[in-house]
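Taking it in order: structure first as structure tokens, then the write-up.
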Amino acid sequence: MATGYFDSNGDPWLEIEISGPFSNPSKTQCLIDTGFTGFLSMPFLSAFPLGLILTGTMNIVFANGDIQPRLTCLGKAIFDGQTNVGVIVLEPQGNQVLLGMNFLRKFGMRLNVDPGESTVELLPSPIPTLPIQQPLVQPNMQELSTPPAPTEQQH
Amino acid sequence: MGYSPQISADRGEQIYQQKYKAKLEAENPGQYVAIDIDTENIYLGSTPEEALGKAQKQAPRGQFHLIRIGSAGVYRVGYSSGGQNGDWLFR
């Protein structure tokens with residue numbers, strides 16, 4: 001289990017490491033934003049020191065319905081002993097790194113935020129499994145694949 | 001050659017609309033496509049990273065516009081744009 005923390009505004013934060021393809025990982029504080037469907041988002045100026053390399057653009061849908069392009073890069077995130085590569089959205093301004101739902105999905109984590117207890121926990125997300133039901137009697141596959149014998153029709 | 005994010009995205013959207021949209025939205029809804037805005041080649045993936053990874057392998061210096069097939073944007077954010085389009089020049 002990994003733990004984060006609340007800041008004085010009551011926002012949940014998590015420390016992860018981020019790096020580009022040729023740079024050393026750098027510790028980064030991320031604001032957990034479940035309204036963001038992506039992996040990570042960060043101010044453009046923060047991407048240079050991390051050695052992130054631009055890949056191009058994508059359109060982002062904002063809460064007010066606006067659709068706007070943003071620059072993107074691929075970056076490596078290290079957290080709780082795991083490493084994953086994801087698309088990082090670059091914002092033209094701001095000073096926060098946002099951690100979105102795709103980050104949790106990629107790392108197989110579920111978020112347990114308790115503002116009352118001031119705890120932020122990331123727990124392994126259980127993989128849903130369906131019970132495997134074994135038949136009580138194993139069918140004879142040869143019998144199943146053999147077409148039934150024609151029955152005589154009576155008139 | 002340099003492109004601003006707006007020009008790069010517009011070019012990618014134009015290529016998508018004219019050449020690929022009808023086919024991809026019928027055959028690959030929900031998948032991701034990285035469009036090389038210079039060559040107009042496309043690279044498909046079930047995740048954004050897969051599509052971009054394929055694209056970079058084929059064209060390491062390419063500029064790609066990423067689209068989620070059938071969606072207005074690749075990602076959603078929970079805040080408003082504030083009317084700033086975040087346009088600037090790169091490369």
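Annotations
- The selection criterion, being away from every other protein chain (no Cβ under 13 Å), part of a loop (DSSP other than H, G, I, E, B) and in contact with a helix residue (DSSP H, G or I) (Cβ under 9 Å, 6 or more places away or on another chain), does not hold for A:ASN24.
- Scanning the stretch B:38-62 for residues that are crowded, with 23+ Cβ neighbours inside 10 Å and at the interface with chain A (Cβ under 9 Å from one of its Cβ atoms), we see that the one that is nearest to A:PHE36 (Cα to Cα) is B:PRO48.
- Consider the stretch B:63-77 and keep the residues that are over 10 Å from the mean Cα position of the chain (by Cα) and of a type outside the set (A, V, I, L, M, F, W, C). The one that is farthest from the other protein chains (Cβ to nearest Cβ) is B:GLY70.
- Candidates are the residues of the stretch A:57-89 that are free of Cβ contacts under 8 Å to residues at least 60 places away in the same chain and part of a loop (DSSP other than H, G, I, E, B); the one that is nearest to A:LYS27 (Cα to Cα) is A:GLY81.
- Taking the stretch A:109-131 as the range and being free of Cβ contacts under 8 Å to residues at least 24 places away in the same chain, touching a strand residue (DSSP E or B) at 6+ places or on another chain (Cβ under 6 Å) and part of a loop (DSSP other than H, G, I, E, B) as the test, only A:SER125 passes.
- No other residue among B:LEU24, B:LEU66 is in contact with a helix residue (DSSP H, G or I) (Cβ under 9 Å, 6 or more places away or on another chain), assigned to a helix (DSSP H, G or I) and either modelled with pLDDT under 95 or on the phi < 0 side of the Ramachandran plot (or both) apart from B:LEU24.
- Any hit, the stretch A:111-127, residues being of a type in the set (A, V, I, L, M), modelled with pLDDT under 90 and out of contact with any Ser or Thr (no Cβ under 8 Å at 6 or more places or on another chain): yes
- The lone exception for A:THR72 - which of (1) under 30 Å from A:THR119 (Cβ atoms); (2) surrounded by 23 or more Cβ atoms within 10 Å (Cβ to Cβ); (3) hydroxyl-bearing (Ser, Thr, Tyr) it fails: (1)
- If you go through the stretch A:1-21 and pick out every residue that is assigned to a loop (DSSP other than H, G, I, E, B), out of contact with any Phe, Trp or Tyr (no Cβ under 9 Å at 6 or more places or on another chain) and buried (at least 19 other Cβ atoms within 10 Å of the Cβ), you end up with 1.
Residue-wise test of (1) within 14 Å of another protein chain (Cβ to nearest Cβ); (2) more than 19 Å from the chain's Cα centre (by Cα).
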residue	(1), (2)
A:GLU17	no, no
A:ILE32	yes, no
A:PHE36	yes, no
A:PHE48	yes, yes
A:GLY51	no, yes
A:THR57	yes, yes
A:PHE62	yes, yes
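- Filtered residue count, the stretch B:3-37, keeping only those that are surrounded by fewer than 16 Cβ atoms within 10 Å (Cβ to Cβ) and more than 27 Å from A:PRO92 (Cβ to Cβ): 9
The values are calculated or read from the model by the stated rules, or taken from the named source; none is laboratory data. This is a predicted model, so every value here is computed, not measured. Ideal geometry is used to build each Cβ from the backbone, glycine not excepted, and the neighbour counts take in all protein chains shown.
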